[in-house]
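In what follows, a single structure is set out as structure tokens and then discussed.
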Amino acid sequence: MPDTASDNGGADAEDTTDFGYRRVTAAEKPELVRGVFDSVANRYDLMNDLMSGGVHRLWKSALVAKLDPRPPLHFVDVAGGTGDIAFRILARLKARAAKSGEEAGAERNRATIIDINQHMLDVGRDRALDRGLIAGLDWVCGDATALPLDDSSVDAYTIGFGIRNVTGIEEALREARRVLRPGGRFLCLEFCPVERPLLRPLYDAYSFAVVPALGRAVAGDAESYRYLVESIRRFPGPEKFTALMEAAGLEQVRVRALTGGVVALYSGWRL
């Protein structure tokens, strides 16, 4: 079973790229990824709870704490279709504004949620309406490698468990830097290939047996979750990914291992 991360994190000289353990053309991958998330969108957040035992909430809380958002803030959450991270950041901003008596500042916060998958965005928009969140939210169908945003237009860029699905990781990182204002923050949550000898066999058994079975039972789709598990194994590890961040022009790059190295929280700045 292959488990080595792709060296370049994107397309090679023959313009092919990883789709799980398959090699596909770079042109094919966005549509294949779109199909995966079309299939799982309605059960995506429930599956996150089931697969992680709810621990994904702690990982996302760690991202928000690292961002330490202060109003007024315009941030973009890429691959954030269901709104989970954006809602958490907005809630932190609202709480901070209320504590300081600056509710007017909180009203100027703006979240732009960009996802390549319209179905995921529809789920997120419905969740926002259910929470009474209307103002200050933009739901945009777009590609991480060609963001529909102006240069130097956002204060922060977040992406949670999405960058490994991007066809061109290097291009996505350059886009992140482009849209950030000087002094803007980049934060990324992503799974890591587990290398610890004692943990790896258990992690592999859970990933390749339990996760697809959960996907079949809950979302009616084992194959999409098999792809998501495989994509973790093909993603560059922390050392390579931080090097890609630096090559894209992000500075003061840091990585923090979470839950025994199962997940990494990457941070950087545009200075």
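The values are calculated or read from the model by the stated rules, or taken from the named source; none is laboratory data. As the structure is a prediction and not an experimental result, all values here were calculated from the model. Reconstructed Cβ throughout: ideal geometry from the backbone, glycine too, with neighbour counts over all protein chains shown.
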Top-ranked residue of segment 219-246 - restricted to ones that are buried (at least 16 other Cβ atoms within 10 Å of the Cβ) and among the aliphatic types (A, V, I, L, M), ranked as nearest to Ala41 (Cα to Cα):
Ala219
What pairs come out if I take residues in segment 54-65 that are charged (D, E, K, R) and pair them with residues that are assigned to a helix (DSSP H, G or I) and surrounded by 17 or more Cβ atoms within 10 Å (Cβ to Cβ) whose C-beta lies under 6 Å away, six or more apart or interchain?
Lys60/Ile85; Lys60/Arg88
Residue under evaluation Leu187, criteria (1) more than 23 Å from Thr16 (Cα to Cα); (2) crowded, with 20+ Cβ neighbours inside 10 Å; (3) at pLDDT below 95, criterion not met
(3)
Could you tell me which of the residues Arg88, Arg96, Arg43, Arg34 is part of a helix (DSSP H, G or I), within 16 Å of the chain's Cα centre (by Cα), modelled with pLDDT under 90 and surrounded by 15 or more Cβ atoms within 10 Å (Cβ to Cβ)?
Arg34
Within segment 165-176, track down each residue that is surrounded by fewer than 21 Cβ atoms within 10 Å (Cβ to Cβ) and more than 15 Å from Ile116 (Cβ to Cβ).
Glu170, Arg174
Of (1) free of Cβ contacts under 8 Å to residues at least 24 places away in the same chain; (2) touching a Phe, Trp or Tyr at 6+ places or on another chain (Cβ under 9 Å); (3) within 23 Å of Ala62 (Cα to Cα), Pro212 satisfies every one except (3)
Return the total of residues in segment 165-178 being under 29 Å from Ser224 (Cβ atoms), in contact with a strand residue (DSSP E or B) (Cβ under 6 Å, 6 or more places away or on another chain) and modelled with pLDDT of 95 or more.
1
